[in-house]
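Just below is one structure, and these are the notes that go with it.
The values are calculated or read from the model by the stated rules, or taken from the named source; none is laboratory data. Quick caveat: nothing in here was measured; it's all calculated off a predicted structure. Positions of Cβ are generated from backbone atoms using ideal geometry, with glycine treated the same way; all protein chains shown enter the neighbour counts.
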Amino acid sequence: MKTFDFGIVGLGVMGRNLLLNMADQKHAVAGLDLDTEKVLSLTQEANPQHQIKATTEVKEFLELLKQPRAIMILVPAGKPVDTVIQSLLPHLDKGDIIIDGGNTYFTDTDRRFTELSAKGIHFFGMGISGGEKGARFGPSLMPGGNKEAYERLRPIFESIAAKVDGEPCVEYLGNGSAGNYVKMAHNGIEYGIMQLISEVYDLMKRGYGLDDSTIQKVFEDWNDTELQSYLIEIIGHILKKTDTDGQKLINVISDWAKSKGTGKWTSQNGMDLEVPLPTIDAAVAMRNMSKNKPERIEASAKLVWNAEQGNTDLPSAIEALKGALHFSILITYAQGLALLTKASQEYNYDLNLETIAKIWRGGCIIRSVVLEDFRQAYAKNGELKNILLDDTIAKAINENQSSIRSTVQFAVQKGIPIAGLMNSLAYFDAYRSEKLPTSLIQAQRDYFGAHTYERIDTNGIFHTEWND
Ligand code: 6PG
């Protein structure tokens, strides 16, 4: 009794895999799930070296744990998290720690943090990235909560996290909901990059008429370049996969994609904080567009565009696509990181962007070689307002400008939708515009609504009777 280091509630795939990962690292771990089957299957999967005990009884589970207890909840975000907390609460003691490891909306974490702090319980919201494999063999972990209480969790989390150059992909990120917020922004970036990759795939396939095996080879080659990343790597695997009849599986997968909401939350919060995230917004919008298949079929017959056939120098076209993708991926990260910079001030998270870049280098879905460049950029200048202002990143962006411009031109001419690529370029062109046409928006607001405007030649607030 009271000999187990850590407890996990919810033995679905993520919970079970994290638990086994901890057990591999020689931690004694207890599991709780109401489903007897899950408890049994975990017990069967454990090997003799593992110190694991799983149960369906809350009281038995809590009695197994060393005090102060450390308990991670891995159940679907929302009401189930509250239900589990309520079931644990009567049996907990002051100083115990609860960690929610789901993709929870950050304001829910703030509410739980406040409620549980009042009862002397430390509450953590922790983003976990890397999917089921990551959970089993090394995820990126994004914990937020009470800093002192984190010291009790540190050795366990550092032992199970992915490692890059020997450094674990986990670090305390900040107070309250900081961990969930950072994970939300991670997922917003994930949405953006996935959209950009699918657009480039479409350009290769419909635009240049390449077959899937050729496209697969291009992505495999790209993964040995500055584009090296998990999301590029898996495209090679996906395009290689054949169905039972030997055909490429990708060609029988439907073109409407589901979403659980983290991308939408990122966009919504970007609007709330007035941080422009057009690539991420476009990614969310395009998933929504994808869902409307019957209407798209109808429109495809009515709204027709006959693209001209042009002569293409394929090697240079592929090179341009590569540059366009690299450019747009950097822009997507820039948007997500700018959101984190603003959120840190707005919600008093006191985020350290260098730390975030560091723990995103391994384990998580958006891991990529560029994260090391970002880490170095923030190490040089912790006050960097936007990653695009770093010399190394600015150079990479500038070198790929002609590629993104020619790719956008090609797609427009072909009538292939590239909302992500286009919005990345629009973000860039707006961001580098010393003067924007927003003066005309100011004038319009004042014209029809007497909303007033400011001037560049003198201070103050002005209104004009425009019709005089
Ligand atoms: C991760 C993923 C993970 C999950 C996404 C899927 O970091 O491991 O982001 O959290 O796969 O939430 O999100 P959608 O269902 O919204 O695409």
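Quick notes on this one:
- Of all residues in region 352-396, those satisfying the criterion of being more than 16 Å from the ligand (Cβ to nearest atom) and part of a loop (DSSP other than H, G, I, E, B) are N352, V369, N381, G382, E383, L384, K385, N386, D390.
- Within region 290-322, no residue satisfies the criterion of being at pLDDT 95 or above and part of a loop (DSSP other than H, G, I, E, B).
- Which numbered condition G78 misses (of (1) within 16 Å of the ligand (Cβ to nearest atom); (2) over 22 Å from L32 (Cα atoms); (3) free of Cβ contacts under 8 Å to residues at least 40 places away in the same chain): (2)
- Test: residue in region 20-42 that is modelled with pLDDT of 95 or more, out of contact with any strand residue (DSSP E or B) (no Cβ under 7 Å at 6 or more places or on another chain), of a type in the set (A, V, I, L, M) and surrounded by 21 or more Cβ atoms within 10 Å (Cβ to Cβ): yes
- Restricting region 178-209 to residues that are away from the ligand (no atom under 16 Å from the Cβ), touching a residue at least 40 places away in the same chain (Cβ under 8 Å) and of a type outside the set (K, R) leaves a set whose member that is nearest to K258 (Cα to Cα) is E199.
- Condition met for Q442 (surrounded by 15 or more Cβ atoms within 10 Å (Cβ to Cβ), of a type in the set (S, T, N, Q) and farther than 30 Å from A317 by Cα): yes
- Among the residues of region 373-407, those identified as more than 27 Å from T355 (Cα to Cα) and surrounded by fewer than 18 Cβ atoms within 10 Å (Cβ to Cβ) are E399, Q401, S402, R405, S406.
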